[in-house]
Amino acid sequence: MDTMLAAVYHGPHDVRLEEIERPQPGPREVVMRVRAASICATDLRIFNHGHFKIPEGAVRILGHELAGEIVAVGEGVTGLAPGVRVAVAPNVGCGSCWECVQGYNNLCPDYGALGITLDGGFAEYMRITAPAVQQGNVVEIPEGLSFEEAALAEPLSCCFNAQRACRLAPGETLVVMGAGPMGLMHLLLGRYSGAGQVIVSEVRESRARQAAELGADLVVDTRERDLTEAVLEATGGHGADVVMVAVGSAELQEQAVELAARRGRVNFFAGLVAGRDRACVNSNRIHYSQVTVTGTTGSNHRQYRRTLQMLGSGRLSIGSLVTLRRPLHEIGEALADAASGEQLKVVVIP
Ligand SMILES: [Zn+2]
Ligand SMILES: [Zn+2]
């Protein structure tokens, strides 16, 4: 039996390094040698609190921001072959519901996901199931793009979904609340998309500095300065065309509606903790100023592929967001590093 090293999740705070059977492809399946799997807040949430789609007692290999190299394909696979470098979109819709048929596999009520409901990338090899292969989750990496950056296509595609929902147009003012990894991706994508100015709010000094280094036109430390006042001043009193709330905070969601210009668009990009999921927004601002409030979650296949194309163009670079790489056997340290808030993206290199 061929074996491989894998970080196996057994329940909250219980991830074990194990030597397990190496997956072989069944019909219409693909097996990939994982070359980069970045850690995201969802992994940390599962590690700390579990996930409603992972029943108690089940074991799972996490890791859903994925890139690697195909090593074996099952019978009936066409267009993919051993040796091809690929990025893998994690979300697998059922394929036949109303949302899937319209192309919104990220909104499938019965969704599956590599790294959550199926084994993912914190392992040397991973199996990509037949529905995922068939639905087009496996995409060849554009030439010149590293495995690491290809893995980051997944979180970046979620930002792309959000900015599309807000119809961010060239010349407009984008406000990003929160300069965590996702907030900084919004900053980079906003600049790439031609935003006239990007204003970032952040209280942590190291992150505020990173936002400035990555090209934010204005970084507001909200402990020192009122964000609404700063945005009004920077926009000649008009307010922001687009506001991204990249922190899970009801208070910031409420403030975002106040920051928006007339006909401005707001996106609630981060979810709130269940049970504390009420925000008290100013309804009259939405009505009298024609503000649009949107929310987005994940991305669909089209957005994932567009994101890889943007990265492949070489004009949008997000590699600088990777601040730490760890080999697979240091998965415990890698999760702790990602949770510390001192790093941006931590990438596991199996
Ligand atoms: Zn993620
Ligand atoms: Zn579906």
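Computed values, structure above
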quantity: Cut-off 16 Å (backbone N to label point 7 Å along Cα→Cβ of E254), residues of the stretch 285-320; calculated: 285-286
quantity: Compactness index (Cα Rg / 2.2 N^0.38 Å), the stretch 143-186; calculated: 1.31
quantity: Rounded tilt (10° steps) of 153-165 against the dominant C-alpha axis of the chain; calculated: 40
quantity: Rounded to whole Hz, the Karplus (6.51, -1.76, 1.60) HN-Hα couplings of the stretch 303-313, x for glycine and proline; calculated: 5, 4, 5, 4, 5, 4, 5, 4, 5, x, 5
quantity: Ascending count of other beta-carbon atoms within 10 Å, so fewest first, for K53, K345; calculated: K53, K345
quantity: Value of [θ]222 nm, deg cm²/dmol, for the chain, DSSP H segments ≥ 4, -39500 (n - 2.57) each, nearest 500; calculated: -8500 deg cm²/dmol
quantity: Neighbourhood charge, 9 Å Cβ-Cβ cut-off, centred on G196 and excluding it, Lys, Arg +1 and Asp, Glu -1; calculated: -3
quantity: Order of C97, C108, C40 under a 10 Å beta carbon neighbour criterion, fewest first; calculated: C97, C108, C40
quantity: For the stretch 204-286: rounded, prolate or oblate by the Cα gyration tensor [a/c cutoff 1.5]; calculated: oblate
quantity: Hydrodynamic radius of the stretch 1-149 per Kirkwood, over alpha carbon pairs, in Å; calculated: 15.7
quantity: Residues R325, R35 arranged by fewest to most Cβ contacts within 10 Å; calculated: R325, R35
quantity: Alpha-carbon centroids, the stretch 199-267 and the stretch 136-178: separation in whole Å; calculated: 20
quantity: Antiparallel DSSP beta bridges within the chain, as percent of all bridges there, nearest 5; calculated: 55
quantity: Radius of gyration, Dmax [the chain; alpha carbons; angstrom]; calculated: 20.4, 68
quantity: Whole-Å semi-axes of the stretch 6-46's equivalent ellipsoid (Cα gyration tensor); calculated: 23, 14, 10
quantity: Shape parameters for the stretch 102-167, alpha-carbon atoms, Rg then Dmax in Å; calculated: 13.5, 39
quantity: Cα centroid separation - the stretch 5-47 against the stretch 72-133, whole Å; calculated: 14
quantity: Along each principal axis, Cα extent of the stretch 1-85, largest first, Å; calculated: 39, 28, 21
quantity: For the stretch 261-267, Karplus couplings with θ = phi - 60° (6.51, -1.76, 1.60), whole Hz, Gly/Pro x; calculated: 6, 4, 6, x, 10, 10, 10
quantity: Residue-wise HN-Hα coupling along the stretch 14-28, computed from phi with Karplus coefficients 6.51, -1.76, 1.60 (Hz; x: Gly, Pro); calculated: 9, 10, 10, 7, 9, 9, 10, 5, 6, x, 10, x, x, x, 6
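Every number here is computed from the coordinates shown, using simple stated rules; none is lab data. Only a predicted model underlies this, so the values are computations on that prediction, with no experimental measurement involved. Note that we place each Cβ from the backbone using ideal geometry, even for glycine, and neighbour counts take in every protein chain shown.
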